[in-house]
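First comes the structure, then the notes that go with it.
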Amino acid sequence: MRIAIIDYGAGNTQSVKYALKRLGCKGILTSDKEIISSSDKIIFPGVGQASSAMKKLKSVGLDLLIPSLKQPVLGICLGMQLMCDFSEEGDTDCLKIFNSKVKRFDNSLKVPQIGWNTLFNLKTSLFDSIKEKEYMYLVHSYFVPVIPKTIATSKYGISYSTAIKKNNFTGVQFHPEKSGSKGEILLKNFITN
Amino acid sequence: MLAKRIIPCLDIKDSRTVKGVNFVDLVDAGDPVELAKYYSENGADELVFLDITATKEDRRTFAKLVDEISENINIPFTVGGGIKTKEDVEILLKNGADKVSINSYAVSNPDFINELASNFGSQCIVVAIDAKFIDNDWYVYLVGGRIKTEIKLFNWAKEVEKRGAGEILFTSMDHDGTKNGFACKALEELSQKVNIPIIASGGAGKIKHFNEVFKSGNIDAVLAASVFHFNEIGLKELKIELNNNNIPIRL
């Protein structure tokens, strides 16, 4: 199986690569459209700021490629947010795969949310062997509200989407590659299911 | 519910873990990768690696070690020490660090905080502040606690937040190495003055100190070193005890 990790200069790609390696899989860090298109699974990581990340995607034409992919795609953190319509972070038009806005946490909370938070309302085989209230690691200032495509929620002031899924596209707000053994189970579920 | 975090800190010198008592006497406490792996498997929520001699000797941080750590552990980690350029940060993040911590250099070049936040996002920028209580006020110290400034802790904390820091790591030099408990009062005040997560550091000696500091202020995380390195407090035992005291903890 070939797993592509989309490398566009805006992600903690090394950690994802090593997490796959610990699972006995090889991830290829690449921005090459041919390699991405012909891979079996695709991981779309992202750390940083939405508008600069979108600029980077556009500069190499990945903004057009990603929504057209037919294989399973897993967006992580900013990668998940970029799959939505629009982000309040830098008022950025995103990839428009999920019909949702990305909003900023209310200022009454400490922003960014940093740390381990619990998961609720788990749906789909992505969460096989993962229980309700399991902890995953998150670092973010913006969030996807609960939408019809939500497959897991977390609470930080309000309840929001911590995972979403539409057809072949899955997004997780938490970092499975940094969420200990439970995160590794989730990555394994994505790879094997 | 967002859990409170327990963060073992590994001070690194020449690729080895050390811990200074009041920042002076250094005692070798092991191999960083082995320790990191052990901690990640035993309940640490996060790790911090500080290259403690980096600023003094103008050493650039230890990219290779960061890569090795990233390969071996599955929890987040922060790297600090001697970071002075955007490129330094880029290499560290690329090699797998989740966050970088800046300290002395940010004090003399506050715009550096803005530069990093706009390039990499606030979420990966930790500003570490070392301070000492003198004549009824907290003053910021530089270069591992060697140089006093006239900058007051709470003013500086508010400024780093405004400039885009995502988190503050506050070390009380009066408490560090004493094992007599954290600077609870100062931490409580700090958490009222800023709206970003705060990591408390300096003074961990007993489990009750962790309890106190989580209960007293709106602190998000606690960082400690020697109590963990020398196994004076077991991570698991600590987390169970905190959980029993109704502090939200990831078990």
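Per residue of peptide B:117-125, the mean number of Cβ atoms on other chains within 10 Å of the residue Cβ is 6. Each DSSP beta bridge with both residues in region B:48-151 is either parallel or antiparallel, and the antiparallel ones are about 45%. Neighbours of residue B:194 by Cβ distance under 13 Å: Lys/Arg scored +1, Asp/Glu scored -1, total -1.
Would you kindly give the portion of the calculated P(r) for the protein assembly as shown that falls above 34 Å, as a percent of all Cα pairs? Taking all Cα-Cα pairs of the protein assembly as shown, the fraction more than 34 Å apart is 27 percent. Each residue, residue A:132 and residue B:193, gets one label point 7 Å from its Cα in the Cβ direction; the gap between the two is 4.3 nm. Over region A:1-114, one equal point on each Cα, no solvent: what is log10 I(q)/I(0) by the Debye formula at q = 0.10, 0.15 Å⁻¹? Each listed q corresponds, in turn, to -0.29, -0.64.
Can you pull a Stokes-Einstein diffusion coefficient for region A:80-193 at 37 °C (0.692 mPa s), Rh from Kirkwood over Cα pairs, as a whole number of µm²/s? The estimated diffusion coefficient comes to 232 µm²/s. Residue-normalised convex hull volume from the C-alpha trace of region B:155-251: 96 Å³ per residue.
Beyond 26 Å, what share of the Cα-Cα pairs of chain B remains, rounded to the nearest whole percent?
In whole percent, the long-distance tail amounts to 32.
The residues neighbouring residue B:75, those whose beta-carbon lies less than 14 Å from its own, together hold a net charge of +1 under the Lys/Arg +1, Asp/Glu -1 convention.
Taking region B:100-146 on its own, what percent of its Cα-Cα pair distances exceed 18 Å? Everything past 18 Å amounts to 35 percent. By DSSP, the beta bridges lying fully in the protein assembly as shown are antiparallel in about 45 percent of cases. Binning the alpha carbon pair distances of region A:3-192 at 5 angstrom intervals from zero yields the distribution 1, 8, 19, 23, 22, 16, 8, 2, 0, 0, expressed in whole percent.
In the protein assembly as shown, the DSSP-assigned H stretches of four residues or longer account for a calculated mean residue ellipticity at 222 nm of -8500 deg cm²/dmol, using -39500 (n - 2.57) per stretch and the full residue count as denominator. Rounded to whole numbers, the Karplus 3J(HN,Hα) couplings from phi for region B:137-146 are 8, 8, 10, 6, 10, 10, 6, x, x, 8 Hz, using 6.51 cos²θ - 1.76 cosθ + 1.60 with θ = phi - 60°, and x at Gly and Pro. Taking a Cβ cut-off of under 10 Å around residue B:167, the surrounding Lys, Arg, Asp and Glu residues balance to a net charge of 0, with basic ones at +1 and acidic ones at -1.
For chain A, the relative contact order is 18 percent, taking Cα pairs closer than 8 Å that sit 6 or more residues apart in sequence and dividing their mean separation by the residue count.
Only beta bridges with both residues in region A:8-103 are counted; by DSSP, about 25 percent of them are antiparallel. Mean projected area of the convex hull spanned by the Cα atoms of region B:58-152, taken over all viewing directions: 6.7 nm². Across peptide A:168-181, the mean count of Cβ atoms from other chains lying within 10 Å of each residue's own Cβ comes to 3. For region B:73-89, putting each phi into the Karplus relation 6.51 cos²θ - 1.76 cosθ + 1.60 with θ = phi - 60° gives couplings of 10, 10, 10, x, 8, 10, 10, x, x, x, 6, 10, 9, 4, 5, 4, 5 Hz, in residue order, rounded to whole numbers and with x for Gly and Pro.
Close amide H pairs (under 5 Å, H built 1.01 Å from N) link residue B:77 with B:47, B:98, B:99, residues at least 5 positions away or on another chain.
Readers should treat all values here as calculations from the given coordinates under stated rules, not as data from a laboratory. Keep in mind the model is a prediction, meaning the values are calculated, not measured. Virtual Cβ from ideal backbone geometry, glycine too; neighbours counted across all protein chains shown.
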